């Protein structure tokens, strides 16, 4: 058997298959009948660097997951120590004095919720309008610039928003607060104690440092995130359905309300809830603006508000170990609430028709 | 079929005698008058009448509100004026439109105006935040000492010509550098793990990471404070603050990097695997370079978040007024934290310094953001002009190398024989195509020269494409071939651009990049 007669296929196989010589002789004796075409293994063997890479990647994932779980478990462990001392009164108690064993998150939790809800009620129309404008109304030339500006707004540090709210917004909003409380004061949340419209001595500072002002500032911080999620979803509304609505004679708003908004419902709800999650955790802007009180303050226009994150920023310094545990418990409850809100948000986005494609 | 189309002159007669004899059921009436020339419809989206209505109702609203505020009702305040004027404006605009239009149109116009003004309000808010902060920070920013000194020698009552924020600037840079040194390798490796080694464990890691993006930043700070400072007994330091920033930033970076990596077109990776590359080679030479712009964006945006965050630093760094460049010992401060401590003071100069610091911080963040936009505006696999040129040059050099190997001469000889006159313009036609050919170039040395049959098939395809192109241009769906196709032909006469060697020059790499979706989270 000379080398020139050897089958090129068999020679090529000889390079890869281990028992090459045996195969080659068989092929040359009777090429047609004895080729056994075994199915290839779909999984290729890994070489050394590959195995090392796999383990390094897996290891870094493990490190990250360990750190994250450590944060969560440490929070839970510390928090439960304090919870054990406080018992069920942790939910109902309004004051915060861990050293006497009398502490609870009723006031700060309610304050957090009030600030976040105020923020969302401003941020929702603002971001919905901006998202609709960018996706539907804006001229094509400025669309990209607008998207960039809105994203930029999300990148502005929160302390800058806090400064703006404290020094610029707060003095300008006072007359509005006063007006609302004067004419809409019969609605319980707009009522303000300690301010009488007819008393010339009463000062409008009764409206400063309120939940309302903090809520507006947080709304501005939340609106860009919410808006960019909504815009993303609106722009994915199918062109065929849009054109169908227009061809049937719908006005632009008719098209939006019958095609774009139903399509983007998941994005609207999910984006709003993501914004809510961000609003719940906001610290420094709120801390700069409010003057902390430890009672449930449902009058959003009145001076004095609180939130869990502001409580931590206020009380962490010079705290004993047990006080830290108590703060950890408060932080844990904030984390759990944010987690639930975010989880619901991503579920809603994922399940909606528009979210199916975005993942 | 009883349709008569050619008897145009007779149908009335047959119509009269309908029923008595066989009549055509469809007929065309004679053209008694010439077709009226239809007026051209305006497709402009801005209608003159709307503009007139808008201006009219705006003037009326302002006047009416001024009357209300100054004569009729005891109202005051700028914001109140604007709000009342706006409500009146909307009402008047609606009424004006309702004079001429039906209800649906009125609703459409009012909503359009409302949406426009909401977007305007949002932009106005951002503008006012930026302008107000910079405007009040101009005082200290004008003094050079603000950037060269720290606050150790300047008290609250000192003028703005003393003291500065160099300690905060350096502190921020040191902290973010340490945080990035930890979170970039860890974050990118974890993101690669999530996208390249899918399985139950990766899913678990992803769930945990996504849950941790919900962690409020102050809780991250509190965790580091409680573990490092209270329990382990270290002092507050820049390093502790970096760790707090890392804990906060890591989930953000991992999540957005994971999204970017999942957008890398599968066919690129499959091409590399089909050529025999291992997982590691695929990730290193295909996945990561393809997603480079997106990954950079993810990191820069995470950095912007980390720099701007106050609360973790507040708990762990310990504010200081003097310059400290050692992150391991002694308190350190950062720009947001310094802003925060400045504005807590009642003194006007300190507040002005606070605004100046905030302006510096904002400029830093905006520069980072602009950088992220400039780098990451493109999807994975889409290259900038410069990158395209680099890829083309690289693949041309590869071509020289292969030809030199085939001919058995040094590469420089082949390079000399092929002047740089036509630098592979055809390959740069589409960036994604170049990315593909680069992926193919990975192990292309092992490929045999393209067989004549394949070359013939591709040539046939090219011919078919040209025919189609000519047809389309005949139907006016494409520009005339004279300009477009000639340019295409000229540029495709550069066979050096393709990485394949030998006489079997293949056409430019087909544009087979998968549907590169827009990055939803960048």
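A short reminder: the numbers here are calculations on the coordinates, not readings from a lab. None of these values were measured; they are calculated from a predicted model. Please note: Cβ atoms are built from the backbone with ideal geometry, for glycine as well, and neighbour counts cover all protein chains shown.
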Quiz item: How far apart, in nm, are two points set 7 Å out from the Cα along the Cα-to-Cβ line at residue B:116 and at residue A:62?
Solution: 6.2
Quiz prompt | Cα gyration tensor category, rounded, prolate or oblate, for segment B:48-136 with a/c compared to 1.5 | solution = oblate
Self-check item: For residues of A:280-286, the mean tally of beta carbons on other chains within 10 Å
Solution: 5
Exercise. Please arrange B:313, A:64 by counting, for each residue, the other beta carbons lying within 10 Å of its beta carbon, fewest first.
Key: A:64, B:313
Self-check item: Extension reserve of the residue A:117-residue A:291 stretch, reckoned as 0.36 nm per residue once the Cα distance is removed
Solution: 60.8 nm
Quiz item: In percent, what relative contact order does segment B:48-136 have, based on Cα pairs under 8 Å that are 6 or more apart in sequence?
Solution: 26
Self-check item: Ranked A:193, B:50, criterion: other C-beta atoms within 10 Å, fewest first
Solution: A:193, B:50
Practice problem: Just report the Cα centroid separation between segment B:100-157 and segment B:180-200, whole Å. | Solution: 38
Practice problem: Can you grab the distance from the C-alpha centre of segment A:44-77 to the C-alpha centre of segment A:258-273, Å, no decimals? | Solution: 37
Practice problem: Report the relative contact order of segment A:270-359, percent, no decimals, based on alpha-carbon pairs under 8 angstrom and at least 6 residues apart. | Solution: 40
Practice problem: Set the Förster distance to 22 Å, then compute FRET efficiency between residue B:95 and residue B:68 from the Cβ-Cβ distance, nearest 0.05. | Solution: 0.80
Exercise. Return the FRET efficiency for the residue pair residue B:44, residue A:239: r is the Cβ-Cβ distance, R0 is 22 Å, and the value is rounded to the nearest 0.05.
Key: 0.55
Practice problem: Using label points projected 7 Å from each Cα along Cα→Cβ, tell me how many nm separate residue A:70 and residue A:95, to one decimal. | Solution: 3.8
Quiz item: What average number of partner chain Cβ atoms lie no more than 10 Å from the Cβ of the residues making up A:146-155?
Solution: 5
Practice problem: Give the shape of segment B:158-235 as rounded, prolate or oblate, defined through the alpha-carbon gyration tensor: a ≥ b ≥ c are the square roots of its eigenvalues, a/c under 1.5 means rounded, and otherwise the shape is prolate if a/b is larger than b/c and oblate if not. | Solution: prolate
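Taking R0 as 25 Å, what's the FRET efficiency between residue B:78 and residue A:184 from their Cβ-Cβ distance, rounded to 0.05?
It comes out at approximately 0.80.
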Quiz item: Rounded, prolate or oblate: which fits segment B:166-376, taking a ≥ b ≥ c as square roots of the Cα gyration tensor eigenvalues, rounded meaning a/c under 1.5, else prolate when a/b beats b/c?
Solution: prolate
Practice problem: Among A:186, A:164, A:179, rank each residue by its count of other Cβ atoms within 10 Å, from fewest to most, as a rough exposure measure. | Solution: A:186, A:179, A:164
Practice problem: Starting from the Cα-Cα distance between residue B:409 and residue B:104, subtract it from 0.36 nm times their residue separation and give me the gain in nm to one decimal. | Solution: 101.9 nm
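Pairs of Cα atoms under 8 Å, at least six residues apart: use those to get the relative contact order of segment B:166-376, whole percent. Before the final figure, lay out the partial values.
Values: 290 pairs, mean separation 63.5, N = 211.
Across segment B:166-376, relative contact order equals 30 percent.
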Self-check item: Peptide A:321-333, shielding by other chains (average Cβ, 10 Å cutoff)
Solution: 3
Quiz item: On full extension of the chain, what length is gained from residue B:385 through residue B:177, given 0.36 nm per residue of separation minus the C-alpha to C-alpha distance?
Solution: 71.8 nm
